[in-house]
1. What are the pairs with Cβ atoms under 6 angstrom where one residue, in the range 82-97, is closer than 13 Å to C47 by Cα and the other, located anywhere, is charged (D, E, K, R) and at pLDDT 95 or above? Sequence gap at least six, or different chains.
2. Which of the residues that make up the range 98-128 are free of Cβ contacts under 8 Å to residues at least 60 places away in the same chain and of a type in the set (V, I, T)?
3. Taking D39 as meeting all but one of (1) of a type outside the set (V, I, T); (2) surrounded by fewer than 22 Cβ atoms within 10 Å (Cβ to Cβ); (3) without any contact (Cβ under 8 Å) to a residue 40 or more places away in the chain, write down the number of the exception.
4. Looking at Y115, is it under 23 Å from R32 (Cβ atoms) and within 15 Å of the chain's Cα centre (by Cα)?
5. List every residue pair whose Cβ atoms lie under 8 Å apart, where the two residues are 6 or more positions apart in sequence or sit on different chains, the first residue falls within the range 132-161 and is under 16 Å from L116 (Cα atoms), and the second residue, located anywhere, is of a type in the set (K, R) and surrounded by fewer than 17 Cβ atoms within 10 Å (Cβ to Cβ).
6. Among V110, V157, V117, V170, which is the only one that is of a type in the set (A, V, I, L, M) and either touching a Gly at 6+ places or on another chain (Cβ under 6 Å) or within 12 Å of I45 (Cβ to Cβ) (or both)?
7. Just checking, does the range 121-138 include any residue being acidic (D, E), modelled with pLDDT of 95 or more and in contact with a strand residue (DSSP E or B) (Cβ under 8 Å, 6 or more places away or on another chain)?
8. When you scan the range 121-194 for strands (runs of 3 or more DSSP E) that lie fully inside it, which ones turn up with 2 or more residues that are of a type in the set (G, A, S)?
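The values are calculated or read from the model by the stated rules, or taken from the named source; none is laboratory data. As the structure is a computational prediction, the values presented were derived from the model and not from experiment. A quick note on method: Cβ atoms are made from the backbone with ideal geometry, for glycine too, and the neighbour counts reach across all protein chains shown.
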Amino acid sequence: MISLAASVQLSSLGDEERLTAATAEIVVWLERQGFTGADRDILDIGCGVGRFESALSDAAHRIVGIDISSKMISVARRRCAGLRNVELRPTSGFDLADFSDASFDCVLAVDSFPYLVLAGLAERHFTEIARVLKTSGMAALLNYSYRGSPALDRADVHRLAEAHGMQVVVDGEKPFRLWDGNAFLLMASDGTLRPNNCSGLKEKRHL
């Protein structure tokens, strides 16, 4: 039987302790981007076994995790039992139709966009993320694809961000020691954010 750690992140090689440390490192990075907060409602696309719901529950107002695997959702519900601000839902994976416009402050996608890219659903999800984000909301895409081309990933993310009124704040960097994932951070623009206004965020993004 494949361990839960291996099913969540291949680089963990089934090492639960390593995966826990990598999760904590990502949470610290998210906090430094201003992604978390007592007033933040967060949507996690591809939540898996609820690792980030558990890790972020004390740092958010509400977290909704969605996944196409009903088995993963069942495990996540057991993991997060007792966390009143965590909601876990199965999803079709085609869109975010279950959620209303401007219903989240932040959207998180850890290792889920590569599968959307393979399925040809990346652009649809950009449209949906832009729709469900509140004004000046943030989206963190940790790994956009598994194509092995950082330049192609950056080009796609910039094109899709521009098409959907978003600005790229973190551009495919590798800010983690324990995981080699590429980090993209995007902000939904309300017309007030300009590239030179991002300096504060850029200063915070280094671990």
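1. V86/E53; L88/R77
2. V117, T127
3. (3)
4. Criteria not met by Y115.
5. That search, which allows pairs on different chains as well, returns D153/R147.
6. Testing whether each residue is of a type in the set (A, V, I, L, M) and either touching a Gly at 6+ places or on another chain (Cβ under 6 Å) or within 12 Å of I45 (Cβ to Cβ) (or both) leaves just V110.
7. Checking the range 121-138: not a single residue is acidic (D, E), modelled with pLDDT of 95 or more and in contact with a strand residue (DSSP E or B) (Cβ under 8 Å, 6 or more places away or on another chain).
8. Qualifying strands (runs of 3 or more DSSP E): 133-142, 183-188.
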